[in-house]
Amino acid sequence: MFSSTFGRFHVFVQIAAIAIGFGQVQAYDNTLTNNLAVYWGQNQGLGQQALSTYCADANINAIHIAFANKFFATGGLPALDVSNICSISGNGAYPGTELPQCAFLGDQINTCQTSGKIITISLGGGNGAVGFDSVDQAQTFADNIWNNFLGGTSSTRPFGTAVLDGINLDIEGGTADHYADFVTKLRTYTDPAPKKYYMTASPQCAFPDQHIGDALNAVAFDAIYVQLLSPLSRSTLVYNNLCGVQAYHSNGWNYDTWDNWAKTSKNPGVKLYIGAPASQSSAGFGYVDPDTLGQIAKDTMAKYPSFGGIMLWDVSSAVANDNFHDKVKAAMAPAARRRSDGEDDDASIERRSNSFATIGVRQLKTAITSWPFSKRFEQDNSATMGSVSIHKHSDEGDDNHLSFLRRSDRFVKIVARQIKTSITSLPTSERSEDEHDGISVERRSDIFAKIAARHANDGIASEPNTIMKKRSRGDSNWPSFERRSDRFAKIAARRQERGLS
């Protein structure tokens with residue numbers, strides 16, 4: 001059993017072992033289902049600490065800096081107010097602007113990012129002066145956000161040279177016009193960039209959101225933090241959010257509606273978060289205790305592949321409320337690690353594989369190549385791969401054409417997503433259900449190898465014309481595949497020290 005396992009997974013073991021050598025920090029992974037996002041900046045719970053304090057908390061995965069609360073303030077630039085930490089009254093402003101000089105936060109942001117967290121700038125807020133009168137105005141705002149907070153350049157950057165990881169639209173007023181134009185323009189900067197930037201939004205749970213509902217339908221987002229709470233600053237029925245977490249066991253709960261939206265959105269892989277108050281005093285109503293919120297999260301992640309985790313307003317409230325966020329994270333974790341033996345559907349397998357691919361690419365900064373599969377040919381019993389006999393890869397009889405095709409198809413999809421390279425669907429669309437010949441397999445393997453080679457700047461051989469001429473009959477059923485996936489997931493889990501969906 002050990003030699004069989006080693007034969008199939010020796011490359012994955014090597015990757016995991018090397019990754020461990022890089023240290024215990026795991027890069028942010030948007031594909032997980034137990035991420036915890038928090039807002040920081042508005043001191044909702046009083047006693048707000050420095051950003052670096054919360055970045056030291058391993059349970060927090062994403063932090064939204066709140067808020068750039070005016071889109072066009074003095075000088076035509078955004079305004080920024082981070083309460084007791086960073087403001088123009090406490091830190092001074094760049095001349096002719098309402099952007100505070102808080103370069104000291106740059107080092108803290110860099111430290112947060114090094115620790116595996118993403119830091120975004122949240123735009124708007126409950127009392128924000130927001131909105132656009134025209135396409136040109138929306139595009140100008142995108143220019144300003146890129147230059148002052150993301151990867152551009154400006155003499156008025158509030159956080160100095162620190163580059164944030166994206167934006168969060170928390171729009172609770174104004175008109176719905178031109179937000180799609182804003183995101184579209186911003187993506188002309190972020191999409192070609194070598195750094196990954198995240199486009200996120202925090203709509204109210206009432207569907208569709210009256211302020212950014214049109215934008216959510218028009219452009220792709222990476223994560224949506226659905227506000228299942230009632231903000232203290234709002235009193236109208238629209239903002240009472242009768243669809244909040246307090247309505248979980250009633251008809252008001254509408255996560256299913258958001259999940260259906262996600263499947264047909266511009267990014268079907270978008271992650272949905274349950275947005276909840278971190279204390280009784282953080283919202284008008286909608287507060288539930290951490291065990292209840294954790295159970296809601298576990299139930300939701302078990303039912304919906306779109307689920308990404310929990311978002312809390314805000315982190316200062318969570319800490320003041322007996323570290324509410326840590327308890328919620330602990331309550332989510334068991335379900336994120338646990339997967340039933342029978343869960344072998346395409347989506348769950350692909351999610352696990354995608355998480356592993358992310359680890360490999362980010363930690364090793366190289367492609368996860370297909371050579372263990374594309375070189376697994378068998379002309380006779382003496383065929384070898386290195387010093388390992390091919391038959392040692394086949395002890396369980398699961399290397400026949402059908403199971404190979406399943407693996408190959410998934411790896412092709414994963415790489416296409418991970419490295420943003422377009423890939424032809426020819427091997428899948430032009431292959432009949434029972435066409436398992438070596439040529440068909442080789443085409444897919446070659447596509448994978450070429451993509452990986454381009455990404456890694458390194459050639460990858462794929463043994464042309466000799467792949468899979470024959471393959472022993474054996475167990476190609478889903479439980480066999482599931483066993484491999486389980487080992488695969490465990491390797492990644494050891495590295496991550498947290499669950500994979």
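Residue pairs whose Cβ atoms lie under 6 Å apart, sitting 6 or more positions apart in sequence or on different chains, and linking a residue in region 277-294 that is among the aromatic types (F, W, Y) to a partner that is surrounded by 17 or more Cβ atoms within 10 Å (Cβ to Cβ), are F285/S230; Y287/P277.
Can you tell me which residues in region 67-107 are surrounded by fewer than 20 Cβ atoms within 10 Å (Cβ to Cβ) and part of a helix (DSSP H, G or I)? Those that are surrounded by fewer than 20 Cβ atoms within 10 Å (Cβ to Cβ) and part of a helix (DSSP H, G or I): T74, G75, G76, S89, G90, N91, F104, G106, D107. Looking across T111, T120, one residue alone is of a type in the set (V, I, T), open to solvent by 10 Å² or more (accessible area, probe 1.4 Å) and either in contact (Cβ under 8 Å) with a residue 60 or more places away in the chain or assigned to a helix (DSSP H, G or I) (or both). It is T111. Out of region 164-202, which residues are surrounded by fewer than 17 Cβ atoms within 10 Å (Cβ to Cβ) and touching a His at 6+ places or on another chain (Cβ under 9 Å)? Scanning region 164-202 gives G173, G174, T175.
Would you call Y197 touching a Ser or Thr at 6+ places or on another chain (Cβ under 8 Å), at pLDDT 95 or above and not hydrophobic (A, V, I, L, M, F, W, C)? The answer is yes for Y197.
Pairing each residue of region 35-49 that is over 8 Å from V82 (Cα atoms) with any residue that is open to solvent by 10 Å² or more (accessible area, probe 1.4 Å) and part of a strand (DSSP E or B), provided the two are 6+ apart or on different chains, yields C-beta distances under 7 Å for Y39/W313; Q44/W313.
Among residues of region 57-70 that are over 12 Å from S115 (Cβ atoms), those with a Cβ under 6 angstrom from a residue that is open to solvent by less than 10 Å² (accessible area, probe 1.4 Å) and outside any strand (DSSP E or B), sequence gap 6+ or separate chain, pair up as I65/G41; A66/G41; A68/P78; A68/L80. Scanning region 68-80 for residues that are of a type in the set (K, R) and in contact with a helix residue (DSSP H, G or I) (Cβ under 8 Å, 6 or more places away or on another chain) turns up nothing.
Among the residues of region 265-281, is there at least one that is assigned to a helix (DSSP H, G or I) and closer than 26 Å to M199 by Cβ? Within region 265-281, none of the residues are assigned to a helix (DSSP H, G or I) and closer than 26 Å to M199 by Cβ. Among the residues of region 4-54, those identified as open to solvent by less than 30 Å² (accessible area, probe 1.4 Å) and modelled with pLDDT under 55 are S4, G7, R8, F9, H10, V11, F12, I15, A16, A19, G23. List, please: which pairs have Cβ atoms under 7 Å, are six or more places apart or on different chains, and start with a residue in region 126-151 that is in contact (Cβ under 8 Å) with a residue 40 or more places away in the chain and under 14 Å from F182 (Cβ atoms) and end with one that is in a helix (DSSP H, G or I) and acidic (D, E)? Close Cβ pairs (under 7 Å, with a partner that is in a helix (DSSP H, G or I) and acidic (D, E)) amount to V135/D181; A138/D181; Q139/D181.
For region 123-149, give me each residue that is modelled with pLDDT under 95 and assigned to a helix (DSSP H, G or I). None; the set is empty. Criterion first (of a type in the set (V, I, T) and open to solvent by 30 Å² or more (accessible area, probe 1.4 Å)) does T161 satisfy it? Against the criterion (of a type in the set (V, I, T) and open to solvent by 30 Å² or more (accessible area, probe 1.4 Å)), T161 qualifies.
The values are calculated or read from the model by the stated rules, or taken from the named source; none is laboratory data. As the structure is a computational prediction, the values presented were derived from the model and not from experiment. Counting neighbours? That spans all protein chains shown, and the Cβs are built from the backbone with ideal geometry, glycine included. Note: accessible area is taken over every heavy atom of the protein model, side chains too, but ligands, DNA and RNA are not part of it. Shrake-Rupley method; radii C 1.70, N 1.55, O 1.52, S 1.80 Å.
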